[in-house]
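The values are calculated or read from the model by the stated rules, or taken from the named source; none is laboratory data. Since this is a predicted model, take the numbers as computed values, not measurements. For neighbour counting, all protein chains shown are included, and Cβ atoms are generated from backbone atoms with ideal geometry for every residue, glycine included. Side chains are part of the model used for accessible areas, which takes the heavy atoms of the whole protein and leaves out ligands, DNA and RNA. Shrake-Rupley method; radii C 1.70, N 1.55, O 1.52, S 1.80 Å.
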Amino acid sequence: MREPAVKRVLASVHGHTRRHARRLWLQYGILWTGAVLTGLVAVFYARLIDFGFDLFRRMQGEYRLLPLVLTPAAGALCVWLTRKYFPGAEGSGIPQVIASLGEQGERTSRLAAALLTLRIVVGKIGLSFLAILSGFTIGREGPTVQVGAALMYNMRRFYPRPSAILEKRLILAGAAAGLAAAFNTPLAGIVFAIEELSRSFEQRASGVVITTIIFAGVVALGLTGNYTYFGTITAGSDSAREVIVSVILCGLLMGAAGGSFCWLLLNTPKWIPAPLLNLRSQRPVAFGALCGLLVAVIGVTAGGATFGSGYVEAKGLLTGQQELSGMYPLAKLASMVGSYLPGIPGGIFAPSLSIGAGFGNLLHMLFGDISLQVLIALAMVGYLAAVTQSPITSFVIVMEMINGHALVISLMATALLASRVSRFFAPPLYEALSERYAHGGHKPQPAQADPVPESGPVEHAAASASTMASTTAAPAEVPGQSAADVKVEIDRGPEPEPLQQVQPAPEQPDVAEPSAVQQQAADAQQAAPLADEAAAPTPKAKSRPARKRAVAVFEDPAVTTERAPPQAVEPEPAALPEAAVVPELQAPVEPQPAPSEQAEPQAEPAVSAAQEAAEAPKKSKRSYRQTDLFDGM
């Protein structure tokens with residue numbers, strides 16, 4: 001007797017433990033696993049990019065002119081592979097994430113399913129490695145954002161019924177964790193998620209974002225150690241007047257330089273010659289090779305300083321271990337444009353910081369009284385804020401990169417001024433590019449049997465009328481009418497459900513033509529005796545408006561005796577063929593069942609839809625509620 005009881009107790013305990021473990025896995029385990037995976041991939045990707053650029057440096061040191069052959073060939077190959085096998089992996093990757101987060105609907109729709117796949121992750125990592133191996137001016141930070149968002153988005157597969165809110169929270173958390181792991185800047189990842197990726201940041205999503213950043217950051221710190229991206233700088237002993245002058249100079253000049261860069265990328269038809277535009281649209285692989293040749297020529301002329309992301313040059317300027325010419329920022333900017341135009345996968349964060357450092361070095365040549373490190377830091381944050389037009393993210397990133405908490409006020413002021421100046425040149429770069437993805441991702445769908453919109457085209461109204469005519473008892477020739485009649489139906493705004501008004505109420509024809517019916521009834525009383533009222537044309541007069549009312553569903557339901565006299569309606573039976581006159585010659589009772597027969601199949605979907613809506617909550621009660629995930633974080 002004890003053994004079955006013990007087995008039952010153990011079975012109940014085991015079942016309770018399994019349910020509790022499953023709940024913990026759904027609420028925490030999936031999120032933490034995705035965050036750890038994002039951190040591992042971010043560290044692996046960073047080391048792969050560093051290895052590729054070091055290999056390129058060694059090859060360039062041995063063969064100085066090798067980039068003139070290697071870079072164009074790699075550019076053509078990257079463009080061909082991207083367009084052939086990895087569409088959606090081009091460029092930075094941040095516009096793709098913004099477009100996916102901005103998608104509306106019950107579920108995160110086709111854009112996220114197309115732009116955040118595991119195939120895109122493989123293509124993004126592999127193609128950007130090939131690009132940095134050939135010397136293109138790209139960074140790894142933007143691709144890491146898309147990779148992190150894609151990894152977390154695909155973790156939705158482990159949830160029973162992932163909702164749209166859950167999917168967007170996973171995308172947001174993965175993107176923020178990717179940026180934080182790429183720069184080792186956890187605060188910048190949080191601010192980036194709030195300011196740049198999701199303008200309507202939800203309070204409940206904060207727990208998901210912070211948790212993901214923590215786990216990804218712990219993994220990155222465990223593998224790479226605690227470090228600052230550009231090292232630590234010391235604020236000079238500059239006076240308040242010199243600092244104010246530096247903020248104004250860097251804010252204005254970097255705002256104009258960053259805004260010009262955004263304008264070049266967003267307005268290519270206005271400055272690229274027509275033959276090159278045709279080459280870009282018709283032969284993109286050849287255009288990629290040409291851009292690779294441009295990048296190679298600029299890099300060889302500059303002594304190799306413009307190749308790569310520019311991390312080495314920016315850190316050398318900050319630490320005072322490297323000197324660059326005053327033309328370096330302009331050459332780097334041209335190389336960056338040439339690397340971005342063909343659509344090669346790669347980011348613009350690190351190259352933008354390098355260009356800003358070059359402009360800071362140039363300003364120090366003109367204003368030697370101000371500290372070099374201060375000018376470089378202010379120019380870096382100014383140029384990055386001008387390109388992204390996200391001032392808070394920019395100054396937080398630079399502050400964490402250089403450990404410059406003593407310059408926080410100056411960095412904030414410079415970022416704000418530069419972002420405002422940049423708006424005079426171009427809109428925000430990432431948002432403008434994301435709108436192109438959104439518009440390109442939603443192609444117009446073929447016409448369906450939906451209700452006609454208020455300002456819909458005439459062809460759609462005619463198609464819907466012909467479709468409804470095929471299901472009724474009236475002949476197919478009845479809906480044939482001119483375009484003007486259909487136009488009247490659209491302009492007058494017919495009632496949403498004209499069939500339902502005709503079906504249950506046979507008295508509507510009397511309301512539609514009260515004057516005609518009364519006049520005919522009076523004539524019948526004067527001309528015929530009471531015994532002949534059954535044979536009088538009164539029933540025919542009642543059936544005639546019923547037939548007109550049924551036809552009015554397809555023509556103009558607003559036609560009444562006030563606008564159209566009976567003389568204008570009488571010639572219609574003569575113009576119709578014999579098949580159309582048959583219903584009029586039959587008994588007046590027979591045309592009426594046709595609308596009632598149509599009402600039966602129309603009522604069934606409504607009942608089934610109501611039943612499904614009533615059964616939906618019952619099904620959700622038996623499963624774990626996805627809307628409650630992460631609410632307690």
Å² per residue, accessible surface of segment 211-258 at 1.4 Å: 49
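Can you tell me the FRET efficiency between LEU366 and TYR227 if r is taken as the Cβ-Cβ distance and R0 is 30 Å, rounded to the nearest 0.05?
Numbers: r = 33 Å, r/R0 = 1.09.
Using R0 = 30 Å, I get an efficiency of 0.40.
Once you have a ≥ b ≥ c as the square roots of the Cα gyration tensor eigenvalues for segment 76-228, tell me rounded if a/c is under 1.5, and otherwise prolate or oblate according to whether a/b is larger than b/c.
Values: a/c = 1.88, a/b = 1.16, b/c = 1.63.
Oblate, since a/c reaches 1.5 and b/c is not below a/b.
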Calculated Rg and Dmax of segment 286-328 using C-alpha coordinates, Å: 12.4, 41
Please calculate the 1.4 Å probe accessible area of HIS16, with all protein chains present, and give it to the nearest 10 Å². 110
Any idea how far apart LEU65 and LEU279 come out in nm if each label point goes 7 Å out from Cα toward Cβ? 2.1
Dipole of segment 24-160, positive end: most advanced residue of GLY148, ALA76, THR38 [Cβ charges, Cα centre]: ALA76
For segment 196-344, what does the convex hull of the Cα positions come to per residue, in cubic angstrom? 220
For segment 212-351, the percent of accessible surface on carbon and sulfur atoms (probe 1.4 angstrom, ligands and nucleic acids excluded) is 65
Explain nothing, just the number: relative contact order of segment 273-429, from Cα pairs under 8 Å at least 6 residues apart, as a whole percent. 18
What fraction of the Cα pairs in segment 93-183, stated in percent, has a spacing above 20 angstrom? 33
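Around ALA188, with a cut-off of 13 angstrom between Cβ atoms, what is the net charge of the other residues, counting Lys and Arg +1 and Asp and Glu -1?
Details: positive: none; negative: GLU141, GLU195, GLU196, GLU400.
Net charge around ALA188: -4.
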About the Cα centre, and with charges only on the beta carbon of Lys, Arg (+1) and Asp, Glu (-1), how big is the dipole of segment 280-427? Nearest 20 debye, please. 480
Given a Förster radius of 35 Å and the C-beta distance between PHE51 and ILE214 as r, what FRET efficiency does 1/(1 + (r/R0)^6) yield to the nearest 0.05? 0.80
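What does the net charge come to around ASP50 if you take all other residues with beta carbon closer than 12 Å to its beta carbon, with K and R at +1 and D and E at -1?
Local charge sum for ASP50: +2.
Expected output is a single nm value to one decimal: the length gained when fully extending between ARG119 and TRP25, i.e. 0.36 nm times separation in residues minus the C-alpha distance. What is it? Don't skip to the answer; put the middle values down first.
Working: separation 94, 0.36 × 94 = 33.84 nm, distance 2.61 nm.
Length difference between fully extended and current span is 31.2 nm.
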Can you work out the accessible area per residue across segment 316-379, with the rest of the protein chains kept in place, probe 1.4 Å, in square angstrom? 30
Computed over segment 33-113, the convex hull of the Cα set has an average projected area, in nm², of 7.4
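What Kirkwood hydrodynamic radius do you get for segment 283-365 when you take the inverse of the mean 1/r over all pairs of distinct Cα atoms, in Å? Don't skip to the end; give the middle numbers.
On the way: mean 1/r = 0.0770 Å⁻¹.
Final number for the Kirkwood radius of segment 283-365 is 13.0 Å.
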Summing +1 per Lys or Arg and -1 per Asp or Glu among the other residues with Cβ less than 15 Å from PHE86's Cβ gives +3
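On the protein heavy atoms, probe 1.4 angstrom, tell me the percent of accessible surface of segment 21-171 carried by carbon and sulfur. Kindly include the intermediate steps, with their values, before the conclusion.
Values: 4010 of 6130 Å².
About 65 percent, which is the carbon plus sulfur part of the accessible surface.
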